[in-house]
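Q: Okay, here's the structure, questions in a sec.
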Amino acid sequence: MKKILVFAIAIFMFHSAMAGNKIKYYFNQPVDTTVATAEKAIYLNNCIADTLAAYLGRAKYTLDICMYDFEKTVSFDISAIDTIFAPKVAAAIDSAYARGVIVRYIYEASNANTGLSLLDTPGITTLGSPQGADYTIMHNKFVIIDANSSNPADPIVWTGCLNWYYEQFNWDFNNVVILQDSALAHAYLGEFNMM
């Protein structure tokens with residue numbers, strides 16, 4: 001994975017003429033932007049799930065998801081908390097598939113990944129990571145949107161450190177990086193296909 005990531009960064013740096021090369025940084029906690037020298041980070045106050053659903057909604061052709069953990073439950077009493085986060089993400093994935101988008105999903109098989117049970121579409125291809133003594137964990141967290149689109153403005157990579165569940169979206173300190181770059185999307189797609 002490290003070689004692929006270094007390769008992806010190199011492509012991103014040296015092939016900037018291929019596509020828009022836009023980067024956005026989102027955080028789920030307040031961010032000090034006074035030291036920013038370029039694009040400023042954006043604080044998404046309790047709306048990372050909404051933002052993720054909106055990006056998933058942009059998919060026209062393909063949606064390749066590689067997620068360590070997607071849970072529909074939280075680890076504390078949620079009686080007073082709105083719990084629509086996992087259903088919102090699952091609905092966006094189902095909606096993409098219903099629009100004709102090819103959806104593929106790789107997940108860490110040692111986790112419950114209960115959010116996958118919210119997908120209503122049997123045609124969505126899911127694949128759990130291998131298990132056993134010779135394998136550790138699949139800890140990736142990225143989504144590739146329309147990597148092979150002929151329009152270089154379409155390919156997007158959603159990555160960062162958060163898993164898909166309530167605490168990660170809203171309480172734990174996490175970030176999301178959105179990369180709009182066709183060359184980088186192809187590098188991530190190569191990793192996805194290898195997996």
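Q: Can you give the FRET efficiency to the nearest 0.05 for LEU127 and ASN45, using r as the Cβ-Cβ distance and R₀ = 35 Å?
A: 0.55
Q: Under 5 Å between amide hydrogens, which residues at least 5 positions from TYR165 or on another chain qualify, with H placed 1.01 Å from N in the peptide plane?
A: Those qualifying (amide H under 5 Å, at least 5 residues apart or on another chain) are GLU71.
Q: Under 19 Å between alpha carbons, and skipping anything fewer than 8 positions from LYS24 in its own chain: which aspartates and glutamates qualify?
A: Partners found: ASP32, GLU39, ASP50, ASP146, ASP154, ASP181.
Q: So, one more: Put a dot 7 Å past each Cα toward the Cβ at ASP134 and LYS60; how far apart are the dots in nm?
A: So the two model labels end up 4.2 nm from each other.
Q: For the stretch 110-119, just list the computed ³J(HN,Hα) in residue order, Karplus coefficients 6.51, -1.76 and 1.60, θ = phi - 60°, integers in Hz, with x standing in for Gly and Pro.
A: For the stretch 110-119, the Karplus-derived couplings read 7, 8, 5, 6, 5, x, 5, 5, 7, 5 Hz, x marking Gly and Pro.
Q: For LEU127, enumerate residues with amide H under 5 Å from its amide H, sequence gap 5+ or separate chain, H modeled in the peptide plane.
A: Long-range HN contacts for LEU127: TYR105, ILE106, TYR107.
Q: Any idea how far apart VAL177 and THR37 come out in nm if each label point goes 7 Å out from Cα toward Cβ?
A: Result for the modelled spin labels: 1.6 nm.
Q: Here's a follow-up. Residue by residue, what Karplus-based ³J(HN,Hα) values in Hz, rounded to whole numbers, does the stretch 123-134 have, using 6.51, -1.76 and 1.60 with θ = phi - 60° and x for Gly and Pro?
A: Once rounded to whole Hz, the list reads x, 6, 7, 10, 9, x, 5, x, 10, x, 5, 8.
Bear in mind that the values in this text are calculations on the coordinates, not laboratory data. As the structure is a prediction and not an experimental result, all values here were calculated from the model. Every residue, glycine as well, gets a Cβ built from its backbone with ideal geometry; the counts of neighbours run over all protein chains shown.
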